[in-house]
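Student: Handing you a structure now.
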Amino acid sequence: MRFISTRNPRERATFAHALLRGMAPDGGLYVPEPIACFRDLPHLLELEFPARSLVILHRLLGEEFSLEELEVAVLEAFNFPVPLVRVSDRTYALELFHGPTLAFKDFGARFLAQMLGQVAAREAPRLRTVLTATSGDTGAAVAHAFWKQRGCRVVVLYPKGRVSDLQERQFATLGGNVLTYAVEGSFDDCQALVKGCFEDQALVGSLNLTAANSINVARLLAQILYYFEGVAQLRQRGVKDAPVLSVPCGNFGNLYAGLLAQAMGLPVKAFVVSCNLNRTVPDFLDTGEYRPRPSVATLSNAMDVGSPSNWERVQHHFQGDHAALREALRWGSLDDAATRRAMWELNQCGYLPDPHAAVAYGVLEERRGLGEPGIFLATAHPAKFEELLRRDMNLPCELPPALAETLGKPLLSKPLANDLEALKRELSS
Ligand SMILES: *Cc1c(COP(=O)(O)O)cnc(C)c1O
């Protein structure tokens, strides 16, 4: 399988190339072309997660990677469970937060680290620098995924004082090959610094620089796999109807991966685009007018995105056809009060959600037809929002050991001015 740019079908790349480059040279995003279709689907759904994931990835990447190489990547990257939890009659949560940093971004980041390691091993040994800006979850997932990986150092930039204490501890206490910088500025400033580094071709070459942000194709392919797992587990429970799948959306990478799974043959009745008050996409689906805007802060902070980077891929998937988009998708948004109500409702069912899962559940309930089985994606562990749950809602929640362990460790971050030259000097020293 090859990848093409969303902006020009003649701009083609192998997986390895797209993985290292991140963005296409014309500024577009890489998308798979053609999308492989599975005819042996019933059989595929009967396999266990690792065996099925290996079959899917080999079908997609078999021209570039052997079965053995892909097996190592699957077993190393996805070494945690993906349970489908029944919440009420015909409603299920697909829990994607059982990886080391307790958010679904572990899937993409860990697979990216594996594949980058394999691609790098084919070249002459040379230190690689993986650079990423984070508003919280991505930095933790990427730092953990590359921690202790040989031949590689990770640099994480984050806005000083603007990530939660728990988030900061998840990446800033690791040390070793993980360098973290608390930048005097906003998340947008951090992203601009990263962009500035990648625009300096001499620096990219001398540092062997790679980006690990959410537009990377490796992260995308990893996310296809759990959609298959959700439907497979639903079937094992005797639910044969194609489910409605509700996705809590921020940059829309997760939704796009789901659309790819569906295009590959996975039976999905419809996808529900679930947003918080950052309504750029729901408004577009309502009106046909695409108007990116500054993000507003909400309880589901990983979805506070006003200009979603992966929307270009979704548009490309539907060839820019607004009617087709409206036909294929359902959508909705919840404000913080409605998110709290959804959390209460779930708690009444005996299920403790994080705010992102609550948004996905709330919009699913609004948009679901009578009798349709529904799955909402639970993208973060509720313990990551322990303070909100305990103080605001009086729902106690234990910190899992992995998170509790980081509390006593010292923060190893260095301060950094919001200044591209200062960052370049740090990276080159
Ligand atoms: C990143 C994130 C999202 C949004 O995912 P996208 O792929 O950017 O749409 C949702 N929930 C959580 C917990 C996240 O960390």
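Every number in this text was worked out from the coordinates using simple rules, so none of it is lab data. Keep in mind that what you see is a predicted model, and the values were worked out from it rather than measured. Cβ sites come from the backbone with ideal geometry, for glycine too, and all protein chains shown count toward neighbours.
Student: Give Gly253, Gly265 a once-over and let me know the one that is on the phi > 0 side of the Ramachandran plot and touching a residue at least 60 places away in the same chain (Cβ under 8 Å).
Tutor: On inspection, the qualifying residue turns out to be Gly265.
Student: Taking the conditions exactly as written (surrounded by 12 or more Cβ atoms within 10 Å (Cβ to Cβ), closer than 23 Å to Asn301 by Cα and within 16 Å of the ligand (Cβ to nearest atom)), does Leu395 satisfy them or not?
Tutor: Considered against the rule, which asks whether it is surrounded by 12 or more Cβ atoms within 10 Å (Cβ to Cβ), closer than 23 Å to Asn301 by Cα and within 16 Å of the ligand (Cβ to nearest atom), Leu395 comes out as no.
Student: Being crowded, with 23+ Cβ neighbours inside 10 Å and touching a strand residue (DSSP E or B) at 6+ places or on another chain (Cβ under 8 Å) narrows it down to one residue among Ala182, Ala141, Ala120; which is it?
Tutor: Ala141
Student: Let me ask you something else. For the range 320-345, how many residues are surrounded by fewer than 24 Cβ atoms within 10 Å (Cβ to Cβ) and in contact with a strand residue (DSSP E or B) (Cβ under 8 Å, 6 or more places away or on another chain)?
Tutor: Total meeting the criteria: 6.
Student: Can you report the number of residues in the range 346-363 which are farther than 22 Å from Ala297 by Cα and either buried (at least 24 other Cβ atoms within 10 Å of the Cβ) or not aromatic (Phe, Trp, Tyr) (or both)?
Tutor: 6
Student: Moving on to the next point. Tell me which residues, restricted to the range 310-359, are over 30 Å from Pro32 (Cα atoms) and of a type in the set (Lys, Arg).
Tutor: Arg340, Arg341 - these are the residues of the range 310-359 that are over 30 Å from Pro32 (Cα atoms) and of a type in the set (Lys, Arg).
Student: Show the residue pairs that are 6+ apart or on different chains and have beta-carbon atoms under 6 Å apart, the first residue being within the range 213-241 and free of Cβ contacts under 8 Å to residues at least 60 places away in the same chain, the second being part of a helix (DSSP H, G or I) and within 15 Å of the ligand (Cβ to nearest atom).
Tutor: Going by the 6 Å Cβ cut-off, the qualifying pairs are Tyr227/Gly258; Tyr227/Ala261.
Student: Which of the residues that make up the range 215-249 are of a type in the set (A, V, I, L, M, F, W, C) and within 21 Å of Thr138 (Cα to Cα)?
Tutor: Matches in the range 215-249: Ile215, Val217, Ala218, Leu220, Leu221, Ala222, Ile224, Leu225, Val247, Cys249.
Student: Please go through the range 238-252 and give me each residue that is away from the ligand (no atom under 16 Å from the Cβ) and either touching a Lys or Arg at 6+ places or on another chain (Cβ under 8 Å) or part of a strand (DSSP E or B) (or both), ordered by number.
Tutor: Scanning the range 238-252 gives Val239, Asp241, Ala242, Pro243, Val244.
Student: Against the definition (within 29 Å of Leu234 (Cα to Cα) and either more than 15 Å from the ligand (Cβ to nearest atom) or loosely packed, with under 12 Cβ neighbours inside 10 Å (or both)), how does Arg368 come out, yes or no?
Tutor: For Arg368, the condition - within 29 Å of Leu234 (Cα to Cα) and either more than 15 Å from the ligand (Cβ to nearest atom) or loosely packed, with under 12 Cβ neighbours inside 10 Å (or both) - is met.
Student: Could you grab the pairs with beta carbons closer than 6 Å, sequence gap of 6+ or different chains, first residue in the range 12-25 and under 8 Å from Val217 (Cα atoms), second one part of a strand (DSSP E or B)?
Tutor: Ala18/Phe3; Ala18/Tyr30; Gly22/Ala211
Student: Further question: With respect to the numbered conditions (1) surrounded by fewer than 24 Cβ atoms within 10 Å (Cβ to Cβ); (2) within 13 Å of the ligand (Cβ to nearest atom), which one is the sole condition not fulfilled by Ala222?
Tutor: For Ala222, the exception is condition (1).
Student: Filter the helices (runs of 4 or more DSSP H) completely within the range 129-204 down to those with at least 3 residues that are within 20 Å of the chain's Cα centre (by Cα) and over 18 Å from Pro415 (Cα atoms).
Tutor: Correct list: 137-146.
Student: Something else: Give me the pairs, please: first residue somewhere in the range 386-413 and free of Cβ contacts under 8 Å to residues at least 60 places away in the same chain and on the phi < 0 side of the Ramachandran plot, second residue anywhere and surrounded by fewer than 12 Cβ atoms within 10 Å (Cβ to Cβ) and part of a loop (DSSP other than H, G, I, E, B), beta-carbon distance under 7 Å, and either six or more positions apart or on two chains.
Tutor: Close Cβ pairs satisfying both conditions: Arg390/Pro396.
Student: Going through the range 369-422 one residue at a time, which ones are farther than 29 Å from Leu245 by Cβ, in a helix (DSSP H, G or I) and either among the small types (Gly, Ala, Ser) or in contact with a Cys (Cβ under 8 Å, 6 or more places away or on another chain) (or both)?
Tutor: Of everything in the range 369-422, those that are farther than 29 Å from Leu245 by Cβ, in a helix (DSSP H, G or I) and either among the small types (Gly, Ala, Ser) or in contact with a Cys (Cβ under 8 Å, 6 or more places away or on another chain) (or both) turn out to be Arg390, Ala404, Leu420, Ala422.
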